[in-house]
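Coordinate-derived values only; no laboratory data. Remember, predicted model here, so these are calculated numbers, not experimental data. Using ideal geometry, Cβ is built from the backbone for each residue, glycine included, and neighbour counts are taken over all protein chains shown.
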Amino acid sequence: MVLATNDLTKRYGKGDQARLAVDSVAMTVRRGEVYGFLGPNGAGKTTTLRMALGLIRPTSGTVTVLGRPAGDPEVTERVGALVEGPGFYPFLSGRDNLQVMARYRGLSSKPVEQALERVDLAGRGDDAFKSYSLGMKQRLGVAAALLGDPELIVLDEPTNGLDPAGMQDMRWLIGALAQGGTTVVLSSHLLAEVQEICDRVGVISGGRLLRESTVAELRGGTLLQVRATPPETALAVARRMAGDNGVRVVENRGDVDTLVLDLPPSAAPEVARVLVAEGLDLLEIAPLERSLEEVFFEMTVPTVVHNL
């Protein structure tokens, strides 16, 4: 494993005033994968990442990075990170900011130019950092994380402030890093982005890791979506085939309901035959996949019960 935590816990304060920010998190990141770390604001994502980078100490538990304890000097040289936004000297140019970092790490100027090219800032490298847009500042932060060709890169909201073209470029860059053997840990609230580029994800809420799996496993199997009329008969037949708890009405438009059946796509021909045999007009039958966003909100947003 490139990164592994065991019962990782962070508590701020003491006694009755103590706040549990991270609660017994056990996560694993494998070599060469893009790992998406997901959670609502305040869920404990950044605190966990800061402990993984050795920036803060855990209250209890352990973090192992590249086979060594987090924060070990041998590890720090092999890890790049952008956490909680980039911090640079405002009056220095983007290039000079990276040069300062490179000299501090004993690197030549060549990695600086390579990093600027990779994040598409070579043409603006001589401009003062204070003149950069939010998206440009974010890209320079990623460039800083790329210095020295690290084995592990940790990116906290790397697409923050980027326009759609910039997001697409960032997706391409992250994919290219993974193909080149670099392991990427990506924290993001843009779940469509995560769904597209991540191999595995960990979902954290309230400081606890709720689930860790591949994106496909988290989204679950493909379901069937059916539109048929009359709706009452369609619902009755669907429940007979998928069970009372295996059918959801997701949309109602007059005399047509859209039903989602907890059945695999291979069942579509049989469902269609039964519906037609029952005299229904079948308007649509198609496979339906849940998005990562839908699964995420099911896991992290509590159900609100209204007492009437």
- Write out the trypsin sites (Lys or Arg not before Pro) in the stretch 3-40 meeting two conditions: DSSP loop, and at most 10 other Cβ atoms within 10 Å of their Cβ. LYS14
- Message: Give the separation of the Cα centroids, the stretch 25-53 to the stretch 116-193, in Å.
- Response: 18
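How large is the dipole of the chain about the Cα centre if only Lys and Arg carry +1 and Asp and Glu carry -1, each at its Cβ, rounded to the nearest 20 debye?
The dipole of the chain has a size of about 1180 debye.
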- Query: Who wins for biggest fluctuation among LEU283, LEU218, LEU210 in a Gaussian network model of the chain, springs between alpha carbons below 10 Å?
  - Reply: LEU283
- Note on the structure: A correct Karplus calculation of ³J(HN,Hα) over the stretch 267-272, with 6.51 cos²θ - 1.76 cosθ + 1.60, θ = phi - 60°, whole Hz and x for Gly and Pro, returns 7, 4, x, 5, 4, 4
- Item | Loop sites in the stretch 23-94: GluC sites (Glu not before Pro), DSSP, at most 15 other Cβ within 10 Å | GLU77, GLU84
- Item | Relative contact order (percent, whole number), the chain, Cα cutoff 8 Å, 6+ residue spacing | 19
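With a Förster radius of 45 Å, plug the Cβ-Cβ distance of ARG11 and VAL276 into 1/(1 + (r/R0)^6) and report the FRET value to the nearest 0.05. It would help to have the intermediate numbers written out before the result.
Working: r = 61 Å, r/R0 = 1.36.
Computed FRET efficiency for ARG11 and VAL276: 0.15.
Once you order the gyration tensor axes a ≥ b ≥ c over the Cα atoms, which shape class does the stretch 221-289 get: rounded for a/c under 1.5, otherwise prolate or oblate by comparing a/b with b/c?
Judged from the Cα gyration tensor, the stretch 221-289 comes out rounded (a/c under 1.5).
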- Query: Of the cross-linked pairs LYS14/LYS45; LYS110/LYS137; LYS10/LYS110, which ones have a Cα-Cα span greater than 30 Å in the structure shown?
  - Reply: LYS10/LYS110
- Message: Quick check of the Kirkwood formula: for the chain, what is the inverse mean of 1/r over all pairs of different Cα atoms, in Å?
- Response: 22.1
- Between LEU288 and residues 5 or more places away or on another chain, which pairs have amide H atoms under 5 Å apart, with H built 1.01 Å from N, and which residues are they? LEU223, LEU224, GLN225
